[in-house]
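Values in this text are rule-based calculations from the coordinates and carry no lab data. Model, not experiment: these values are computed from the prediction. Glycine gets a Cβ as well: all are built from the backbone with ideal geometry, and neighbour counts include every protein chain shown.
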Amino acid sequence: MTSRFAQIAPHLERQAIELPSWAFGNSGTRFRVFGTPGTPRDPFEKIADAAQVHAHTGLAPSVALHIPWDKVDDYAALRTHAESLGVALGTINSNTFQDEEYKFGSLAASDPAARQRAIDHHFECIDIMHETGSRDLKIWLADGTNYPGQDDMRRRQDALAESLATIYERIGDDQRLVLEYKFFEPAFYHTDVPDWGTAYAQVAALGDRAMVCLDTGHHAPGTNIEFIVMQLQRLGKLGSFDFNSRFYADDDLIVGAADPFQLFRIMVEVVRGGGYDEGSDVGFMLDQCHNIEEKIPGQIRSVLNVQEMTARALLIDREALNAAQRANDVLTANGILMDAFYTDVRPDLAAWRESRGLPADPMAAYAASGYRDRIVAERVGGTQAGWGA
Ligand code: LRH
Ligand code: MN
């Protein structure tokens, strides 16, 4: 292990990346949702698959649920099942984007009946959080319009603020409301929570336990996402990440696959802003869809990508960088950051994993485990899980 890596290795111990239950189900586009042999049929099987990622990487100790996709009769039993497999139940994601009643919106809808239905759904999610022991209620809204003039954006913003305040009153002292923004889709003219500024304005009006979720696939092309990371941390409102990557729109591809350098730059700002410090309450979650690739290996690859870029970000010689920045020594400063980015940490990470009783190559270890063949053989019949859209 190189000496530089040995200096940062202790900081890698605390890395925890939450997995989305829905990444283990089938997903796709409006053109097609393809099935995969061995796909889970229920939340218990999704969690079993998520536990495989943690078993092989040590990086994914919790699983986020999406309601109603992960609705069960007994959440305490689901929690016990998860804990028996070495993982915890994490963020509860609400869903007000599939019911007929939400055609023209949910929490921001002009129709009070649609708003009340959505508020009641969030109350149900909060009740579930008490059973699962979850900290975060994550709210992403499809709410918006498709044509100019279709609705009054100001009235919708005020309606949204009122709805969020009603929900915020109900969350527990050890719980948080995390509002996720997205610049478009499924709405194509305006989205009621389109950007970090709107999300910040809405959560700042609520209180200390209301935070912003930054999904890396939810920005207009060319957006400097790490600047937003810096600003939200500076404002004390960066609650969590939904990690994925994209070439064009909200592609939900494997994080770091489309733009590893962007993931590195994001982790540089996270580390610089204290978001990766011991005791930081910034949540790191994947939010991805493995439409054609194998899902469990896809999740393993994803958490390894985040780990690799975190290690590179931790390698930056901060003292030298600060000195070069203060001296306006442009090329030296940029060079110091690029040096860290170009440092291949993979051999050191492999040795470090082995030193902790983990497989040096988790992808190979999972492939050799026989788990895939077992679930393909066992999971016959029933309905493969999906978005139910
Ligand atoms: C919306 C989103 C949101 C989830 C959904 C699965 O695009 O990013 O975080 O609810 O994906
Ligand atoms: Mn998301």
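Details
- Note on ASP111 and ASP174: the extension gain reaches 19.5 nm, defined as 0.36 nm multiplied by sequence separation minus the Cα-Cα distance.
- Paramagnetic reach from THR36 (point 7 Å along Cα→Cβ, amide N under 15 Å) across the range 243-269: 252-255
- Sequence-distant residues sharing a close amide H with TRP140 (under 5 Å, placed H): SER94, GLU180
- Its residues counted as N, the range 69-172 yields a C-alpha radius of gyration over 2.2 N^0.38 Å of 1.23.
- For the range 15-107, the equivalent ellipsoid built from the Cα gyration tensor has semi-axes of 25, 17, 13 Å, listed from largest to smallest.
- Within the listed set HIS56, HIS218, HIS11, the Gaussian network model of the chain (springs between alpha-carbon atoms below 10 Å) gives the highest mean-square fluctuation for HIS11.
- For the range 302-317 versus the range 56-91, the gap between their alpha-carbon centres in whole angstrom: 26 Å
- Alpha-carbon centroid distance for the pair the range 360-385 / the range 9-38, whole angstrom: 14 Å
- The range 239-389, relative contact order in percent, only Cα pairs under 8 angstrom and at least six apart counted: 20 percent
- Each principal axis of the Cα cloud of the range 108-147 was taken in turn, and the coordinate range along them, longest first, works out to 41, 18, 8 Å.
- Within a Gaussian network of the chain (alpha carbon springs, distance under 10 Å), most fluctuating of TYR181, TYR75, TYR147: TYR147
- Calculated P(r) tail over 27 Å for the range 260-389, as whole % of Cα pairs: 38 percent
- When the chain is reduced to its Cα atoms, the Kirkwood hydrodynamic radius in Å: 21.8 Å
- Size of electric dipole in the chain: Cβ of Lys, Arg +1 and of Asp, Glu -1, about Cα centre, debye, nearest 20: 560 debye
- Across the range 262-317, Cα-Cα pairs more than 12 Å apart make up 70 percent of the total.
- Percent RCO, i.e. relative contact order, over the range 178-273, from Cα pairs under 8 Å lying at least 6 residues apart: 24 percent
- Spherically averaged projected area of the range 128-286 from its Cα convex hull (nm²): 9.7 nm²
- Most mobile of ASP49, ASP192, ASP329 in a GNM of the chain (Cα contacts under 10 Å): ASP329
- Computed [θ] at 222 nm, deg cm²/dmol, the chain (DSSP H ≥ 4; -39,500 (n - 2.57); rounded to nearest 500): -14000 deg cm²/dmol
- Annotation: amide H-H contacts under 5 Å for ARG176 (H modelled 1.01 Å from N, sequence separation of 5 or more, or interchain): ASP136, LEU137.
- ³J(HN,Hα), Karplus 6.51/-1.76/1.60, whole Hz, each residue of the range 66-76, x for Gly, Pro: 10, 10, x, 3, 10, 5, 9, 6, 10, 5, 5
- Estimated distance in nm for a label pair at MET363 and THR2, the labels positioned 7 Å out from Cα along Cα-to-Cβ: 2.1 nm
- Mean Cα-pair separation over length for the chain, i.e. relative contact order, pairs under 8 Å, 6 or more apart, %: 21 percent
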